Amino acid sequence: MQNITTTLKKLFYLWRRNQVPVKQPIKISRIDNLIIFLVCILISIISSYKILLISPLKIVDIFSWFWTFTEILICSGVLILVSKKENPTISSRQIFLIITLLLLVQVTKLALASTISPLSMIIPPALIISQGMGSITALAWVSIASLIWPDPEIVINNNLFFILLVSASVVSLLGGRIRSRAQLLQLSIFVPIGSFLSQWILIGTEKISFINKRDFVLANGDIFSDSLLLAIAMLFTILFIPIFESIFGLLTKARLLELADKEKPLIRRLSLEAPGTFEHTLLICGLAEEATRMIGGDIDLIKTGALYHDIGKLHAPNWFIENQDGSKNPHDELDDPIKSAEVLQAHVDEGLKFARKNRLPKLIANFIPEHQGTLKMGYFFQKAKEKNLDIDEYYFRYKGPIPQSKETAILMLADGCEAALRAMNINASNKEALETISSIIYSREKDGQLDDSNLSKGEIFLIKRAFLNVWKRIRHRRIQYPTSKNNTFS
Ligand SMILES: [Fe+2]
Ligand SMILES: [Fe+2]
């Protein structure tokens, strides 16, 4: 009987260990929700009203219209849910972009279905969505945009429909992974060439008729003109992606990599004016990148976020120990723990100001306050206690918020472990290093700093192993290799 109880307890413990804290989804205001709902209704009306224009109108047609209307409304809802699932921090502006693109495609279909190939209508928006919101959202969008045709008289050639689905899916899948504008340009050349060849092979011989309604105005359904139009539309889309990025706050991989360029003026300033902080930042990048790879997070996001996390220290570099270089510590001269705590908090506030000035995307700016969370400035709190100052602990804590994503949480843990690992003796064993890492992470966990991050116990375990691997690399780098005088080989 006792065995059963122990086993049950163990099972319950294991189940608890795998649970992640329940995180509140991003709140969207009522007004935004209403606008989004109205656009969805508009999409449903535009996509179904032609059913009601049939004369004489029978009761079956009204049922058919109602069914189509509801179906499209549900599809739009599912699309929004998928985008929220893929991007938990998605904003109302971005949801608005997704459904407005759907609305635009439906209007274009009504106006130009007999003129323009469906490939040119559906593939360019799919590229924008995959770049900004990810492949899964783009695939969901493509399936809805390809299946719903507002004009019941329009029937797409089966082969063309197949080519449309394959090309749009390829763009959606690759678009979410592409890491440079050059690769985007390659995509905008190869997809039209691919669609041209496949149309030529599959439907080129049957006197091309992708829509059997009216005569074609544009090049009479010429597959070469269709593919050329697709290439031009894709090139224009790529040209306008930076504008979409700034209007809708999209964070594409290409933008992330551009921001991670160490030649960016802000990063150059950090390396020149606060070299200690710059070195600390580079080491943190290594720790955070390794840990994010282990748990399967967004590596490009964390690398860029890590680069900018302490940018606020530029406001007063010599107030931070890593930049003091053995010179006098201004905190000692100030001799006021409360003021010192304010200087520390200022590196977050000033960092956010730098982020706004330099138009850093919100997802990157989030790393600035969240890497400090509501951590206690223990050293200065202790000093205040020594001075018998009767002051609440609250004044010695950062203002937060605590990390809201796995990536910002990893950065907080890397930030905590960096100095300890750097200071560790070269002869320290792996066990000692792991113990140090574990105790730092445990203190953050106990303090409730990871409560909103969605990190599971298993992931925290993997993060510890990743930090240990980086420590092994650091140690390896610091070992001096014996060199002989006549050693000419390298
Ligand atoms: Fe910091
Ligand atoms: Fe830091």
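Scanning the stretch 94-129 for residues that are out of contact with any helix residue (DSSP H, G or I) (no Cβ under 6 Å at 6 or more places or on another chain), outside any loop (DSSP other than H, G, I, E, B) and more than 24 Å from Pro242 (Cα to Cα) turns up Val107, Lys109, Leu110, Ala111, Leu112. Within the stretch 418-433, residues that are closer than 17 Å to Thr277 by Cβ sit with their Cβ atoms under 8 Å from residues that are of a type in the set (Phe, Trp, Tyr), at 6+ positions apart or across chains, in these pairs: Leu421/Phe467; Leu421/Trp471. Of the residues making up the stretch 164-188, those that are within 30 Å of Leu53 (Cβ to Cβ) and buried (at least 21 other Cβ atoms within 10 Å of the Cβ) are Leu164, Ala168.
Of the residues Ser456, Ser429, only one is more than 16 Å from ligand 1 (Cβ to nearest atom), over 23 Å from Lys339 (Cβ atoms), more than 28 Å from the chain's Cα centre (by Cα) and of a type in the set (S, T, N, Q); which? Spell out how you get there, then give the answer.
On the way: Ser456 fails: more than 28 Å from the chain's Cα centre (by Cα).
Step by step, each of Ser456, Ser429 is checked, and only Ser429 is more than 16 Å from ligand 1 (Cβ to nearest atom), over 23 Å from Lys339 (Cβ atoms), more than 28 Å from the chain's Cα centre (by Cα) and of a type in the set (S, T, N, Q).
Once the stretch 403-434 is narrowed to residues that are surrounded by 13 or more Cβ atoms within 10 Å (Cβ to Cβ), more than 16 Å from ligand 2 (Cβ to nearest atom) and of a type outside the set (S, T, N, Q), the residue that is farthest from Glu322 (Cα to Cα) is Lys406.
Is there a residue in the stretch 267-278 that is free of Cβ contacts under 8 Å to residues at least 40 places away in the same chain and within 16 Å of ligand 1 (Cβ to nearest atom)? Yes, some residue in the stretch 267-278 is free of Cβ contacts under 8 Å to residues at least 40 places away in the same chain and within 16 Å of ligand 1 (Cβ to nearest atom). A residue that is polar (S, T, N, Q) and closer than 24 Å to Cys417 by Cβ can be found somewhere in the stretch 315-328. Among the numbered conditions (1) away from ligand 2 (no atom under 13 Å from the Cβ); (2) within 22 Å of the chain's Cα centre (by Cα), the only one that Met377 does not meet is (2). Contact annotation: residue pairs with Cβ atoms under 7 Å, 6 or more positions apart or on different chains, pairing a residue in the stretch 237-252 that is more than 15 Å from Ser130 (Cβ to Cβ) with a partner that is crowded, with 18+ Cβ neighbours inside 10 Å, are Gly249/Gln94; Gly249/Pro361.
When you scan the stretch 250-266, do you find a residue that is within 16 Å of ligand 1 (Cβ to nearest atom) and surrounded by 15 or more Cβ atoms within 10 Å (Cβ to Cβ), even just one? Walk me through how you get there before you give the answer.
Residues of the stretch 250-266 that are within 16 Å of ligand 1 (Cβ to nearest atom), as a first pass: 266.
Narrowing the set further to residues that are surrounded by 15 or more Cβ atoms within 10 Å (Cβ to Cβ) leaves 266.
Yes, there is a match, as at least one residue in the stretch 250-266 is within 16 Å of ligand 1 (Cβ to nearest atom) and surrounded by 15 or more Cβ atoms within 10 Å (Cβ to Cβ).
Scanning the stretch 299-325 for residues that are crowded, with 18+ Cβ neighbours inside 10 Å and either on the phi > 0 side of the Ramachandran plot or within 15 Å of the chain's Cα centre (by Cα) (or both) yields Asp300, Leu301, Ile302, Lys303, Thr304, Gly305, Ala306. Here the condition is being small (Gly, Ala, Ser) and touching a Leu at 6+ places or on another chain (Cβ under 6 Å); of Ser195, Ser180, Ser143, Ser114, it holds for Ser195 alone. Taking Ile474 as the residue in question, decide whether it is among the aliphatic types (A, V, I, L, M) and at pLDDT below 65. So Ile474 does not fit the description; no.
Rundown of residues vs (1) under 22 Å from Ala288 (Cα atoms); (2) away from ligand 2 (no atom under 16 Å from the Cβ), yes/no style:
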{"residue": "His315", "(1), (2)": "no, no"}
{"residue": "Phe320", "(1), (2)": "yes, no"}
{"residue": "Gln324", "(1), (2)": "no, no"}
{"residue": "Lys339", "(1), (2)": "no, yes"}
{"residue": "Glu350", "(1), (2)": "no, no"}
{"residue": "Gly373", "(1), (2)": "yes, no"}
{"residue": "Phe381", "(1), (2)": "no, yes"}
{"residue": "Tyr394", "(1), (2)": "no, yes"}
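Going residue by residue through the stretch 286-297, is there one that turns out to be exposed (fewer than 15 other Cβ atoms within 10 Å of the Cβ), in the same structural domain as Ala182 (by TED's automatic domain parsing) and under 16 Å from the mean Cα position of the chain (by Cα)? Looking for residues that are exposed (fewer than 15 other Cβ atoms within 10 Å of the Cβ), in the same structural domain as Ala182 (by TED's automatic domain parsing) and under 16 Å from the mean Cα position of the chain (by Cα), one finds none in the stretch 286-297, hence no. Residues in the stretch 327-354 that are more than 13 Å from ligand 1 (Cβ to nearest atom), among the charged types (D, E, K, R) and either more than 14 Å from Pro317 (Cα to Cα) or in contact with a strand residue (DSSP E or B) (Cβ under 8 Å, 6 or more places away or on another chain) (or both): Asp332, Glu333, Asp335, Asp336, Lys339, Glu342, Lys353.
Return the residues of the stretch 362-371 that are within 16 Å of ligand 2 (Cβ to nearest atom) and either part of a helix (DSSP H, G or I) or over 23 Å from the mean Cα position of the chain (by Cα) (or both); say none if nothing qualifies.
Here is the first cut: in the stretch 362-371, the residues within 16 Å of ligand 2 (Cβ to nearest atom) are 364-371.
Once the filter is applied, which keeps residues that are within 16 Å of ligand 2 (Cβ to nearest atom) and either part of a helix (DSSP H, G or I) or over 23 Å from the mean Cα position of the chain (by Cα) (or both), the stretch 362-371 yields Ile364, Ala365, Phe367, Ile368, Pro369, Glu370.
Checked against the criterion of being within 14 Å of ligand 1 (Cβ to nearest atom) and either out of contact with any Asp or Glu (no Cβ under 7 Å at 6 or more places or on another chain) or closer than 21 Å to Leu462 by Cβ (or both), the candidates Glu393, Glu418 yield just one match: Glu418.
Can you name every residue in the stretch 326-340 that is within 37 Å of the chain's Cα centre (by Cα) and within 24 Å of Phe278 (Cβ to Cβ)? Passing the criteria: only Ser340.
For residues that are in contact (Cβ under 8 Å) with a residue 24 or more places away in the chain and not in a loop (DSSP other than H, G, I, E, B), tally how many sit in the stretch 381-405. Spell out the reasoning first.
Start the filter on the stretch 381-405 by keeping residues that are in contact (Cβ under 8 Å) with a residue 24 or more places away in the chain, which leaves 381, 383-384, 387, 389, 391, 395-396, 398-405.
Adding the requirement that they be not in a loop (DSSP other than H, G, I, E, B) leaves 381, 383-384, 395-396.
The qualifying residues number 5.
The values are calculated or read from the model by the stated rules, or taken from the named source; none is laboratory data. Here the structure is a predicted model, which is why all the values come from computation and not from measurement. FYI the Cβ positions are ideal-geometry reconstructions off the backbone, even for glycines, and counts take in every protein chain you see.
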